[in-house]
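To start, the structure itself, in C-alpha cells.
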Amino acid sequence: MTESRKEGSSSRLRDTETRDTEMRDKPWKPAPLLPSPNPREGLDFRYVRVSMRGEADNVNASQAFREGWEPVLSADYPELKVVSDRGSDFPDNVVVGGLLLCARPVEIGQQIDEHRQKEVNAQMEAVDRNYFREQDPRMPMLQPERRSRVSFGDN
C-alpha cells in the first residue's frame with residue numbers, strides 16, 4: 001500500500017514539473033571570426049577585401065562596387081556586435097580584419113549567374129565544334145558525353 005502512494009505522489013510531482021527546469025545548458029561555442037548578419041529578404045551578403053597587410057586594396061573594392069555590392073552600415077546590423085578596424089576608410093561600416101561587409105539585391109546576383117551560365121554554355125559549344133569538326137555526319141565517330149562516373153575500389 002505504501003508503494004502505491006509513493007508511485008502516486010511521484011506522478012503528481014511529475015505533473016507539476018515544467019520543461020523549463022529540465023532544459024539542459026547549451027554548450028559554449030567559440031564566436032565566428034566573421035559574423036554573419038541575419039538574413040534579409042531580397043539581399044545577398046558578402047565580405048569584400050578592402051585592405052591587406054595594412055595597405056588599401058582599392059582595385060578589389062572598386063571591382064566589387066561595380067558589381068553592385070554596397071557597404072552596409074553597422075547601425076543597421078546591431079546583431080553583429082562588431083567594432084570596426086581602427087583607421088579604416090569605412091568607419092561607419094562593418095569592417096573586420098580588412099574585410100568590409102557588403103550587400104546587394106538578389107536580382108543582380110541572379111542576372112550575373114545567368115550571364116556566366118551563358119558564357120559556360122558558349123564555351124562548351126565551341127569545344128564541341130572544335131572536337132567534332134572532322135566528323136562526317138554519315139558516319140559519326142564520337143557522341144558527346146556530358147556525364148562522369150566515379151567508382152571506388154574493385155567496382
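The values are calculated or read from the model by the stated rules, or taken from the named source; none is laboratory data. Just so we're clear, the structure is a prediction, and the values are computed from it rather than from any experiment. Virtual Cβ from ideal backbone geometry, glycine too; neighbours counted across all protein chains shown.
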(message) Here is a check on your reading of the model: is Val120 in contact (Cβ under 8 Å) with a residue 24 or more places away in the chain and among the hydrophobic types (A, V, I, L, M, F, W, C)?
(response) no
(request) Might you check whether a residue that is of a type in the set (S, T, N, Q), surrounded by fewer than 10 Cβ atoms within 10 Å (Cβ to Cβ) and assigned to a loop (DSSP other than H, G, I, E, B) occurs anywhere in segment 74-93? (result) no
(message) Exactly one of these conditions fails for Asp154: (1) surrounded by 10 or more Cβ atoms within 10 Å (Cβ to Cβ); (2) assigned to a loop (DSSP other than H, G, I, E, B). Give me its number.
(response) (1)
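Results for (1) among the β-branched types (Val, Ile, Thr); (2) assigned to a helix (DSSP H, G or I); (3) buried (at least 16 other Cβ atoms within 10 Å of the Cβ); (4) more than 23 Å from the chain's Cα centre (by Cα), shown as yes or no for each residue.
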| position | (1), (2), (3), (4) |
| --- | --- |
| Val48 | yes, no, yes, no |
| Asn60 | no, yes, no, no |
| Gln63 | no, yes, no, no |
| Leu101 | no, no, yes, no |
(request) Determine whether segment 134-146 contains at least one residue that is modelled with pLDDT under 90, surrounded by 10 or more Cβ atoms within 10 Å (Cβ to Cβ) and over 25 Å from the mean Cα position of the chain (by Cα). (result) yes
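Yes or no: segment 90-102 includes at least one residue that is polar (S, T, N, Q) and without any contact (Cβ under 8 Å) to a residue 12 or more places away in the chain.
No: segment 90-102 contains no residue that is polar (S, T, N, Q) and without any contact (Cβ under 8 Å) to a residue 12 or more places away in the chain.
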(message) When you check Val150 against the structure, is it under 25 Å from Ala56 (Cβ atoms) and modelled with pLDDT of 80 or more, yes or no?
(response) no
